[in-house]
Amino acid sequence: MILRDATEADAPEIAMLLNAIIRETTISFTTTEKTENDVAQDIASRQNAGLPWIIAHGPDGMAGYATAAPFRKGEGYARTLEHSVFVQPDAQRTGVGRGLMHALEARLAARGARSLVAGISAENDTALQFHVRMGFSEVGRIARAGFKFGREIDLVLLQKHLSSASDSR
(Lines give C-alpha, C1' and ligand atoms only; values in the text may rest on other atoms or scores of the structure.)
Protein backbone atom coordinates (compact mmCIF):
# COMPACT_ATOMS: atom_id res chain seq x y z
CA MET A 1 0.00 0.00 0.00
CA ILE A 2 1.23 3.45 -0.94
CA LEU A 3 0.05 6.52 0.98
CA ARG A 4 0.30 9.92 -0.69
CA ASP A 5 -1.36 13.32 -0.85
CA ALA A 6 -4.48 13.49 -2.99
CA THR A 7 -4.47 15.48 -6.22
CA GLU A 8 -7.21 16.74 -8.49
CA ALA A 9 -6.63 13.63 -10.63
CA ASP A 10 -7.93 11.49 -7.74
CA ALA A 11 -11.33 13.18 -7.78
CA PRO A 12 -13.04 10.62 -10.08
CA GLU A 13 -12.09 7.62 -7.90
CA ILE A 14 -12.95 9.46 -4.69
CA ALA A 15 -16.31 10.56 -6.10
CA MET A 16 -17.07 6.99 -7.19
CA LEU A 17 -16.39 5.62 -3.69
CA LEU A 18 -18.19 8.43 -1.92
CA ASN A 19 -21.23 8.35 -4.21
CA ALA A 20 -21.73 4.62 -3.71
CA ILE A 21 -21.77 5.28 0.04
CA ILE A 22 -24.22 8.16 -0.40
CA ARG A 23 -26.54 6.13 -2.67
CA GLU A 24 -26.49 2.79 -0.92
CA THR A 25 -25.77 3.21 2.80
CA THR A 26 -26.42 5.13 5.98
CA ILE A 27 -22.68 5.47 6.58
CA SER A 28 -23.18 9.07 5.48
CA PHE A 29 -26.36 11.04 6.05
CA THR A 30 -25.61 13.00 2.86
CA THR A 31 -28.21 12.39 0.15
CA THR A 32 -26.80 14.44 -2.73
CA GLU A 33 -24.02 12.84 -4.75
CA LYS A 34 -20.76 14.71 -5.29
CA THR A 35 -19.45 15.62 -8.73
CA GLU A 36 -15.81 15.12 -9.59
CA ASN A 37 -15.51 18.91 -9.58
CA ASP A 38 -17.02 19.07 -6.05
CA VAL A 39 -14.41 16.59 -4.83
CA ALA A 40 -11.54 18.36 -6.62
CA GLN A 41 -12.57 21.66 -5.03
CA ASP A 42 -12.81 20.04 -1.60
CA ILE A 43 -9.32 18.54 -1.94
CA ALA A 44 -7.88 21.91 -2.97
CA SER A 45 -9.74 23.80 -0.26
CA ARG A 46 -8.55 21.53 2.54
CA GLN A 47 -4.99 21.39 1.29
CA ASN A 48 -4.90 25.20 0.89
CA ALA A 49 -5.98 25.39 4.55
CA GLY A 50 -3.04 23.16 5.52
CA LEU A 51 -5.21 20.10 6.11
CA PRO A 52 -4.23 16.69 4.75
CA TRP A 53 -6.15 14.61 2.25
CA ILE A 54 -4.38 11.26 2.06
CA ILE A 55 -4.95 8.55 -0.54
CA ALA A 56 -4.12 4.86 -0.07
CA HIS A 57 -3.25 3.02 -3.27
CA GLY A 58 -3.21 -0.73 -3.51
CA PRO A 59 -2.68 -3.10 -6.43
CA ASP A 60 -6.19 -2.40 -7.77
CA GLY A 61 -6.08 1.41 -7.55
CA MET A 62 -7.37 3.70 -4.83
CA ALA A 63 -8.09 1.64 -1.72
CA GLY A 64 -9.33 4.51 0.41
CA TYR A 65 -8.77 8.01 1.70
CA ALA A 66 -8.65 10.04 4.90
CA THR A 67 -9.03 13.76 5.44
CA ALA A 68 -9.87 16.24 8.15
CA ALA A 69 -11.76 19.48 8.50
CA PRO A 70 -12.32 21.99 11.28
CA PHE A 71 -14.65 20.65 13.98
CA ARG A 72 -16.20 24.09 14.46
CA LYS A 73 -15.41 27.61 13.35
CA GLY A 74 -13.32 29.91 15.49
CA GLU A 75 -9.81 30.03 16.88
CA GLY A 76 -10.85 28.39 20.12
CA TYR A 77 -11.56 25.17 18.20
CA ALA A 78 -8.49 25.31 15.96
CA ARG A 79 -6.81 22.30 17.59
CA THR A 80 -9.86 20.02 17.37
CA LEU A 81 -10.59 18.50 13.97
CA GLU A 82 -13.21 16.16 12.56
CA HIS A 83 -12.02 13.48 10.20
CA SER A 84 -13.36 11.21 7.49
CA VAL A 85 -11.89 7.88 6.50
CA PHE A 86 -13.41 5.73 3.77
CA VAL A 87 -12.08 2.41 2.49
CA GLN A 88 -13.17 0.50 -0.60
CA PRO A 89 -15.29 -2.54 0.39
CA ASP A 90 -12.75 -5.01 -1.03
CA ALA A 91 -9.91 -3.31 0.89
CA GLN A 92 -11.57 -3.36 4.30
CA ARG A 93 -9.91 -5.40 7.04
CA THR A 94 -6.58 -5.32 5.18
CA GLY A 95 -4.86 -2.57 7.18
CA VAL A 96 -5.76 0.25 4.77
CA GLY A 97 -7.93 2.11 7.29
CA ARG A 98 -5.35 1.69 10.04
CA GLY A 99 -2.57 2.97 7.78
CA LEU A 100 -4.63 5.96 6.72
CA MET A 101 -5.56 6.81 10.32
CA HIS A 102 -1.98 6.58 11.57
CA ALA A 103 -0.79 8.85 8.74
CA LEU A 104 -3.64 11.31 9.29
CA GLU A 105 -3.08 11.46 13.05
CA ALA A 106 0.66 12.04 12.60
CA ARG A 107 0.10 14.84 10.08
CA LEU A 108 -2.53 16.52 12.24
CA ALA A 109 -0.47 16.26 15.43
CA ALA A 110 2.52 17.76 13.60
CA ARG A 111 0.41 20.81 12.69
CA GLY A 112 -0.70 21.26 16.33
CA ALA A 113 -3.97 19.32 16.48
CA ARG A 114 -4.75 17.99 19.94
CA SER A 115 -8.08 16.23 19.44
CA LEU A 116 -9.73 14.27 16.65
CA VAL A 117 -13.52 13.81 16.50
CA ALA A 118 -15.51 11.23 14.55
CA GLY A 119 -19.23 11.54 13.84
CA ILE A 120 -20.45 8.06 12.92
CA SER A 121 -23.87 6.70 12.03
CA ALA A 122 -25.08 4.44 14.84
CA GLU A 123 -25.89 1.90 12.12
CA ASN A 124 -22.22 1.70 11.06
CA ASP A 125 -20.95 -0.96 13.48
CA THR A 126 -17.81 -1.54 11.39
CA ALA A 127 -16.68 2.09 11.75
CA LEU A 128 -17.61 2.25 15.42
CA GLN A 129 -15.55 -0.86 16.19
CA PHE A 130 -12.67 0.38 14.02
CA HIS A 131 -12.50 3.69 15.86
CA VAL A 132 -12.53 2.01 19.28
CA ARG A 133 -9.64 -0.21 18.12
CA MET A 134 -7.83 2.97 17.01
CA GLY A 135 -8.11 4.46 20.51
CA PHE A 136 -11.26 6.58 20.18
CA SER A 137 -13.84 6.75 22.96
CA GLU A 138 -17.54 7.49 22.67
CA VAL A 139 -18.19 10.96 24.08
CA GLY A 140 -21.78 11.49 23.01
CA ARG A 141 -24.76 10.46 20.97
CA ILE A 142 -27.18 12.73 19.18
CA ALA A 143 -30.48 10.89 18.94
CA ARG A 144 -32.19 10.99 15.54
CA ALA A 145 -29.62 13.44 14.12
CA GLY A 146 -29.78 11.88 10.66
CA PHE A 147 -32.63 10.96 8.37
CA LYS A 148 -32.10 8.69 5.41
CA PHE A 149 -34.07 5.98 3.64
CA GLY A 150 -37.19 6.92 5.56
CA ARG A 151 -35.79 6.49 9.06
CA GLU A 152 -34.13 8.52 11.79
CA ILE A 153 -30.62 7.50 12.76
CA ASP A 154 -28.50 8.41 15.78
CA LEU A 155 -25.10 10.05 15.35
CA VAL A 156 -22.36 8.70 17.63
CA LEU A 157 -19.55 11.08 18.53
CA LEU A 158 -16.13 9.63 19.32
CA GLN A 159 -12.94 11.43 20.27
CA LYS A 160 -9.24 10.69 20.46
CA HIS A 161 -6.66 12.94 22.09
CA LEU A 162 -3.54 13.23 19.98
CA SER A 163 -1.41 14.46 22.89
CA SER A 164 -1.45 14.36 26.65
CA ALA A 165 -3.14 17.09 28.68
CA SER A 166 0.27 18.38 29.80
CA ASP A 167 1.17 19.04 26.13
CA SER A 168 -1.82 21.33 25.59
CA ARG A 169 -0.37 24.47 27.18
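At a glance:
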{"read-out": "Cβ charges +1 (Lys, Arg) and -1 (Asp, Glu), total dipole of segment 30-169, debye", "value": "520 debye"}
{"read-out": "Helical contribution to [θ] at 222 nm, DSSP H n ≥ 4, -39,500 (n - 2.57), averaged over the chain, rounded to 500", "value": "-9500 deg cm²/dmol"}
{"read-out": "P(r), alpha carbons of segment 59-108 - 5 Å bins starting at zero, rounded %", "value": "5, 20, 25, 18, 14, 9, 6, 3, 0"}
{"read-out": "Highest to lowest packing among 4-11, 24-31, scored as the average C-beta count within 10 Å", "value": "4-11, 24-31"}
{"read-out": "Vicinal HN-Hα couplings computed from phi for segment 150-157 (Karplus, 6.51 cos²θ - 1.76 cosθ + 1.60; Hz; Gly/Pro x)", "value": "x, 9, 8, 9, 6, 10, 9, 9"}
{"read-out": "Area accessible to solvent at Met16, 1.4 Å probe radius, in Å²", "value": "140 Å²"}
{"read-out": "Charge dipole (segment 97-146, unit charges on Cβ, about Cα centre) - positive-most of Gly112, Ala143, Gly97", "value": "Gly112"}
{"read-out": "Paramagnetic reach from Met1 in segment 96-132 [backbone N under 18 Å; point 7 Å along Cα→Cβ]", "value": "96-108, 126-132"}
{"read-out": "Solvent-accessible area of Leu81 with every protein chain in place, 1.4 Å probe, in Å² to the nearest 10", "value": "10 Å²"}
{"read-out": "Average projected area [Cα convex hull, segment 14-77], square nanometres", "value": "5.4 nm²"}
{"read-out": "Arg111 accessible area, 1.4 Å probe, all protein chains in place, Å² to nearest 10", "value": "110 Å²"}
{"read-out": "Protection proxy ranking of 46-52, 130-136, 156-162 - average other beta-carbon atoms within 10 Å, highest first", "value": "156-162, 130-136, 46-52"}
{"read-out": "Nonlocal amide H pairs with Ala63, under 5 Å, H built at 1.01 Å", "value": "Ala56, His57, Gly58"}
{"read-out": "Where the Cα pairs of the chain fall when distances are cut into 10 Å bins, in %", "value": "10, 38, 40, 12, 1"}
{"read-out": "FRET efficiency, Thr25 to Arg93 (Cβ-Cβ, R0 22 Å, nearest 0.05)", "value": "0.85"}
{"read-out": "For the chain, accessible area per residue (1.4 Å probe, heavy atoms of protein chains only), Å²", "value": "55 Å²"}
{"read-out": "Under the Karplus curve 6.51 cos²θ - 1.76 cosθ + 1.60, θ = phi - 60°, whole-Hz ³J(HN,Hα) for segment 66-81, x wherever Gly or Pro sits", "value": "9, 8, 9, 9, x, 5, 8, 6, x, 4, x, 9, 4, 9, 10, 10"}
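The values are calculated or read from the model by the stated rules, or taken from the named source; none is laboratory data. Please read all numbers here as calculations on a predicted model, not as lab measurements. Neighbour counts run over all protein chains shown; Cβ positions are idealised from the backbone, glycine included. What goes into the accessible areas is simple: the full protein's heavy atoms, side chains included, and nothing from ligands, DNA or RNA. Shrake-Rupley method; radii C 1.70, N 1.55, O 1.52, S 1.80 Å.
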